[in-house]
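As structure tokens, the structure follows; a few thoughts come after it.
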Amino acid sequence: MSSILAFSALSVVLVIIPGPAVMLVLKSAIARGRGPALLTALGVLTADLVWAAASVAGLTALLVSSQIAFDVVRYLGAAYLVYLGVKLLLARAALPAPEQGTAPASVGKPRSRWRAFREGLISDLSNPKTVIVFTSVIPQFIDHGARPVDTLVLGAVFAVIGFLSLVTYALVFSAAAKMLREARVIRAILRVGGAILAAFGVGLAVERPAV
């Protein structure tokens, strides 16, 4: 129990620091509304649970043991973030400001919902820093001879805490979007978000995390 509490406290610190997932939630909340923003958060949660299951199966250990495989994941993640960032920077009239009390028209479209979920899923599945949490951080809270389920529990704790953090961001960002009526302000916010996403991607490409 003490290890779970200690890891939970560390997880809170890790998820408080804004990263690509927060920027994707911001993008979805401003451009599409609360529903898609929550789906982006759900996509990140799903990816975290996939990594948790992979760590139990030993797949994450295999991944970080191969520098080539790890770099492939890192560069794919970087390219995807740059792609999303540039897409936002180049967007024009396709990003209308949500009207007060209403959601963007795209919220109810299945394609838009799937896109929001997919962005969260892919960005987290291709984020090597998430892999490092499961391969380097979690094992420090596991006793020698622990059962695989113990690793899974800590992985689920990290995933849920991250999800709750993103849900909070989604609610705050979507509420703020409803108060913004100037389309130029909306576009400016999204373009700043696009620049930050692209910067995250470039940083991910040039940085070599210790594994």
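Quick check on this structure: which one of Ala79, Ala53 is in a helix (DSSP H, G or I) and more than 17 Å from the chain's Cα centre (by Cα)? Walk me through it before giving the result.
Details: Ala79 fails: more than 17 Å from the chain's Cα centre (by Cα).
Unique residue meeting the criteria: Ala53.
Evaluate the following for Ala91: is it out of contact with any Cys (no Cβ under 7 Å at 6 or more places or on another chain), modelled with pLDDT of 80 or more and open to solvent by less than 30 Å² (accessible area, probe 1.4 Å)? Spelling it out, it is not the case that Ala91 is out of contact with any Cys (no Cβ under 7 Å at 6 or more places or on another chain), modelled with pLDDT of 80 or more and open to solvent by less than 30 Å² (accessible area, probe 1.4 Å).
For residues that are open to solvent by 60 Å² or more (accessible area, probe 1.4 Å) and either in contact (Cβ under 8 Å) with a residue 60 or more places away in the chain or of a type in the set (S, T, N, Q) (or both), tally how many sit in region 154-164. Talk me through it step by step, then tell me what you get.
Going through region 154-164, the residues open to solvent by 60 Å² or more (accessible area, probe 1.4 Å) turn out to be 160, 164.
Pick out the ones that are also either in contact (Cβ under 8 Å) with a residue 60 or more places away in the chain or of a type in the set (S, T, N, Q) (or both) and you get 160.
Summing the residues that are open to solvent by 60 Å² or more (accessible area, probe 1.4 Å) and either in contact (Cβ under 8 Å) with a residue 60 or more places away in the chain or of a type in the set (S, T, N, Q) (or both) in region 154-164 gives 1.
Just checking, does region 105-121 include any residue being at pLDDT below 85, open to solvent by less than 30 Å² (accessible area, probe 1.4 Å) and within 19 Å of the chain's Cα centre (by Cα)? Yes: region 105-121 contains one or more residues that are at pLDDT below 85, open to solvent by less than 30 Å² (accessible area, probe 1.4 Å) and within 19 Å of the chain's Cα centre (by Cα).
Working carefully through the options Val137, Val157, find the one that is in contact with a Phe, Trp or Tyr (Cβ under 7 Å, 6 or more places away or on another chain), on the phi < 0 side of the Ramachandran plot and either of a type outside the set (Lys, Arg) or at pLDDT 90 or above (or both).
Values: Val137 fails: in contact with a Phe, Trp or Tyr (Cβ under 7 Å, 6 or more places away or on another chain).
Going through Val137, Val157 in turn, the sole match is Val157.
Any residue at all in region 128-143 that is free of Cβ contacts under 8 Å to residues at least 40 places away in the same chain, farther than 22 Å from Ser66 by Cα, charged (D, E, K, R) and open to solvent by 60 Å² or more (accessible area, probe 1.4 Å)? No - not one qualifying residue is present in region 128-143. Kindly check whether there is at least one residue in region 4-22 that is modelled with pLDDT of 90 or more, open to solvent by 20 Å² or more (accessible area, probe 1.4 Å) and touching a Gly at 6+ places or on another chain (Cβ under 7 Å). So far as region 4-22 goes, yes, one or more of its residues are modelled with pLDDT of 90 or more, open to solvent by 20 Å² or more (accessible area, probe 1.4 Å) and touching a Gly at 6+ places or on another chain (Cβ under 7 Å). Screening region 139-150 for residues that are out of contact with any Ser or Thr (no Cβ under 6 Å at 6 or more places or on another chain) and assigned to a helix (DSSP H, G or I) and picking the one that is nearest to Gly58 (Cα to Cα) gives Pro148.
Inside region 23-50, residues that are farther than 19 Å from Pro128 by Cβ and either open to solvent by less than 10 Å² (accessible area, probe 1.4 Å) or part of a helix (DSSP H, G or I) (or both) make up a count of 17.
The values are calculated or read from the model by the stated rules, or taken from the named source; none is laboratory data. Just so it is clear, the structure is predicted and the values come from calculations on it, not from any experiment. Methodologically, a virtual Cβ is constructed for each residue, glycine included, from the backbone with ideal geometry; neighbour enumeration extends over all protein chains shown. Protein only, heavy atoms only, side chains kept; ligands, DNA and RNA dropped before computing areas. Shrake-Rupley method; radii C 1.70, N 1.55, O 1.52, S 1.80 Å.
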